[in-house]
Amino acid sequence: MPESREPGRPTLADATRGRILFGGDYNPEQWPEETWHEDVRLMREAGVNSVTLGVFSWAKLEPRPGAREFGWLDRLMDLMHTNGIGVVLATPTSSPPPCMGRLHPETLPRDEDGRTEWWGGRQHFSHSSDTYRRYAAAITEDLAARYGSHPALTMWHINNEYCTYDWGDEAAATFRRWLRQKYGTIDALNEAWGTAFWSQGYDGWHEVLPPRHAHYMKNPTQVLDFKRYTSDMLLECYLAERDIVARHTPHIPVTTNFMPLWVGQDAWRWVEREDVVSVDLYPDPRDPFGAQGGALVQDLTRSQARGPWMLMEQAAGPVNWRGVNHPKARGLNRLWSLQAVARGADAVCYFQWRQSRQGAEKFHSGMVSHAGEHGRTFQEVKQLGAELARIGEEVTGTHSGAGIAILHEWNSWWAGAQDGRLSCEADYPDVLRAWHRALWEAHLTTDFAHPEHDLSAYRLVVVPQLYLLTDAAIDNLVAYVQGGGTLVCGFLTGIADEDDRVREGGIDPRLRKLFGIRTLHEWWPLDAGETAECDGFRGTLWSEEIEADADAVTESVYKGGELDGLPAVLRKGRARYVSTLPEPGALTDLLATVAAEAGVRPVLDGLPARVEAVRRGDLLFLLNHGREPVTVEVPGTHHDLLTGATVTGEVALDRYGVAVLRP
Ligand code: GLA
């Protein structure tokens, strides 16, 4: 697993130049040109220094095959430059113009039932279509040639939220190509996929298909490979466009925006090929754990970027794709934006600048809402812009590190989430969130890492659940503990190998030895809402019938029921195994204890429950996620960069209040 990005490439710092990028997706093609001038006036008023242009402009740029209409974009690029606003220029390739689908139906993807995804929405492109790729390369080439030397250009934004699948015929051909490269022979594929089961053996490559609609459960390794293949195909599309813009403008950084904790891309592989790691983040304003969910994505993105990252999109108010879409209460937009900065963002951007009046997203907020410049949304955006400008110089480029790493990996997620498992209640992202939440509530900042990464810099490594682990990953975990690291590992870890073949004894023998598990007899999954009484806490989701080795210490046992007296938490040296999901408070206590043993301290002692404290470089961010004002004890004297005040001993935070303290 490589751990470094391509050398010599530009970085986010080349775009920020000491300022926090502030702005968002700008879709001026939806508005008459008079509005553009009004937009620029308001952008300047709000301190906007960056807009993303062109994300959905393909039909405007290429209304007929091969035609080019650049005049409007020329005027916009100039307008932005004249007003000191940088442009993150997008390749428009996530939404092809209708003419492409009409003339080349093979560019339209098919779902697993064989239904075509037609134009009229968005993202109706087949990643495998040669024709799509040819058109995408051509428009990218022309954009790069035309705007590569434009002074407004600060960054390239390739496509948008790569997230499509395709089960069609062209995809079937590229799937076979991908599989041939991976396995070499059809016998090797048969072996890896376990096709002896249910008479699935393939006689030749021509018989192999994407996992299309089937009568009953599909071959899990076929499905797993299809997910790997899809991520790789999308990455090929990204790289094809990335290479074009990089050839024209080697000094301009390139990004593509991830969705938060999105299942479809093996993001660890992608981030090696990005100059700037960027993410879109939309916590639900009504979710009591929205701030923690946001923190998780921010921690993951910072870890992927190994430094500052870009919040490419968030909403200034409501989104319009949940069942019920709530606005952000006064101050919440500011709080969550500064939370992202605390956790390493050097860019705070939105979808989108001006709220649309037409189209599917007309009820999705913008920085300028339908209420216009006097509306609360824009007024709060303006205040935030001024504050970000105030702290930008001291914040940008600095790093917020952590002594703890949570291990997270996409292959494991994909393999563990298949049909035919013992419990659909043990949902991977929910389990991941639960462990992150426990650390968050203990005021312990965490990074994320891939299980094959060098973990030696971390004092504590936490594995919420990694159903599939490679041999290299298992050896890495063993070596980490042998090297003095502290490890806490949740259930359903180390069950399967890379082909989703169950390992000997149900859990890999090296891990059983590491944790002191002599035998795994049976898994006893719990129903939704059911709990398992354990010594000191209650477990949820899962329980296990395991027998401990003589040299392992049982720290907690199941009480009552079939598992009475059997280990719930097992420790051998610095390695702990937790065979259930302890209820939230209990998991927080467990991790706080283990972290203290490992020498990792909370950011501040005695913090009120809803106050988050994060260190970034020399700065201490305090964020009050509660609706009541609080006072936080902070030893020493600090300067608050937001208010300019000097504070000694304690800091008062309003509801949703933030302080950014320099010693
Ligand atoms: C995504 C997309 C945007 C927009 C927003 C709405 O993040 O990239 O184009 O659709 O969702 O929340």
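The values are calculated or read from the model by the stated rules, or taken from the named source; none is laboratory data. The model shown is predicted, which means the values in this text are computed figures rather than measured ones. Don't worry about glycine lacking a Cβ; one is built from the backbone with ideal geometry, like all the others, and counts go over all protein chains shown. SASA here: full protein model, heavy atoms, side chains in, ligands and nucleic acids out. Shrake-Rupley method; radii C 1.70, N 1.55, O 1.52, S 1.80 Å.
ALA144 meets the conditions (1) open to solvent by less than 10 Å² (accessible area, probe 1.4 Å); (2) assigned to a loop (DSSP other than H, G, I, E, B) in every case but one. The failed one is (2).
Does LEU209 meet the test of being farther than 27 Å from THR140 by Cβ, among the aliphatic types (A, V, I, L, M) and in a loop (DSSP other than H, G, I, E, B)? Yes, satisfied.
Of the residues examined, PRO451 is not one that is out of contact with any strand residue (DSSP E or B) (no Cβ under 8 Å at 6 or more places or on another chain), over 30 Å from HIS625 (Cβ atoms) and part of a loop (DSSP other than H, G, I, E, B). Looking only at segment 317-348, residues that are within 11 Å of the ligand (Cβ to nearest atom) and either hydrophobic (A, V, I, L, M, F, W, C) or part of a helix (DSSP H, G or I) (or both) come to 2 in all.
Go through (1) in contact with a helix residue (DSSP H, G or I) (Cβ under 8 Å, 6 or more places away or on another chain); (2) within 16 Å of the ligand (Cβ to nearest atom) for GLY204 and report which single condition fails. Just one mismatch for GLY204, condition (2). Among the residues of segment 254-279 satisfying the criterion of being within 13 Å of the ligand (Cβ to nearest atom), surrounded by fewer than 22 Cβ atoms within 10 Å (Cβ to Cβ) and in contact (Cβ under 8 Å) with a residue 40 or more places away in the chain, which is farthest from MET312 (Cα to Cα)? It comes out as TRP262. Annotation note: Cβ proximity below 7 Å between a residue of segment 503-524 that is without any contact (Cβ under 8 Å) to a residue 12 or more places away in the chain and a residue that is of a type in the set (A, V, I, L, M, F, W, C) (sequence gap 6+ or interchain) occurs for ARG503/ILE495; ARG503/ALA496.
Number of residues in segment 509-522 that are surrounded by 16 or more Cβ atoms within 10 Å (Cβ to Cβ) and of a type in the set (Asp, Glu): the value is 0.
ILE495 meets the stated requirement of being touching a Phe, Trp or Tyr at 6+ places or on another chain (Cβ under 6 Å), buried (at least 18 other Cβ atoms within 10 Å of the Cβ) and more than 23 Å from VAL600 (Cβ to Cβ).
The set of residues from segment 393-423 being open to solvent by 30 Å² or more (accessible area, probe 1.4 Å) and more than 19 Å from ARG501 (Cα to Cα) comprises GLU393, GLU394, GLY397, THR398, HIS399, GLY401. Looking at TRP198, TRP262, just one residue is under 17 Å from the mean Cα position of the chain (by Cα), at pLDDT 95 or above and among the aromatic types (Phe, Trp, Tyr), and that residue is TRP262. Selection over segment 523-551 of residues that are more than 30 Å from the chain's Cα centre (by Cα) and open to solvent by less than 20 Å² (accessible area, probe 1.4 Å) gives a count of 4. In segment 77-102, the qualifying residues are those that are among the aliphatic types (A, V, I, L, M) and assigned to a strand (DSSP E or B), and the one that is surrounded by the most Cβ atoms within 10 Å (Cβ to Cβ) is VAL88.
Considering only residues in segment 19-33 that are open to solvent by less than 60 Å² (accessible area, probe 1.4 Å) and under 25 Å from the mean Cα position of the chain (by Cα), the one that is farthest from the ligand (Cβ to nearest atom) turns out to be ILE20.
Yes/no per residue for (1) touching a Lys or Arg at 6+ places or on another chain (Cβ under 9 Å); (2) closer than 20 Å to SER369 by Cβ; (3) buried (at least 19 other Cβ atoms within 10 Å of the Cβ):
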{"residue": "THR301", "(1), (2), (3)": "yes, no, yes"}
{"residue": "SER337", "(1), (2), (3)": "no, yes, yes"}
{"residue": "VAL341", "(1), (2), (3)": "yes, no, yes"}
{"residue": "ALA347", "(1), (2), (3)": "no, no, yes"}
{"residue": "GLN355", "(1), (2), (3)": "yes, yes, yes"}
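So that you can scan it fast, the table gives a plain yes or no per residue for (1) open to solvent by 80 Å² or more (accessible area, probe 1.4 Å); (2) at pLDDT 95 or above:
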{"residue": "ALA609", "(1), (2)": "yes, no"}
{"residue": "GLU612", "(1), (2)": "no, yes"}
{"residue": "HIS625", "(1), (2)": "no, yes"}
{"residue": "PRO629", "(1), (2)": "yes, yes"}
{"residue": "VAL634", "(1), (2)": "no, yes"}
{"residue": "VAL647", "(1), (2)": "no, yes"}
{"residue": "LEU661", "(1), (2)": "no, yes"}
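Pick from segment 122-141 the residues that are in contact (Cβ under 8 Å) with a residue 24 or more places away in the chain and open to solvent by 60 Å² or more (accessible area, probe 1.4 Å): which of them is farthest from LEU239 (Cα to Cα)? The extreme case among them is ARG122. Taken together, the residues in segment 103-115 that are open to solvent by less than 80 Å² (accessible area, probe 1.4 Å) and more than 30 Å from ARG68 (Cα to Cα) amount to 3. Exactly one residue out of VAL603, VAL614 is assigned to a loop (DSSP other than H, G, I, E, B), in contact with a Lys or Arg (Cβ under 7 Å, 6 or more places away or on another chain) and either within 30 Å of GLU547 (Cα to Cα) or not charged (D, E, K, R) (or both), and it is VAL603.
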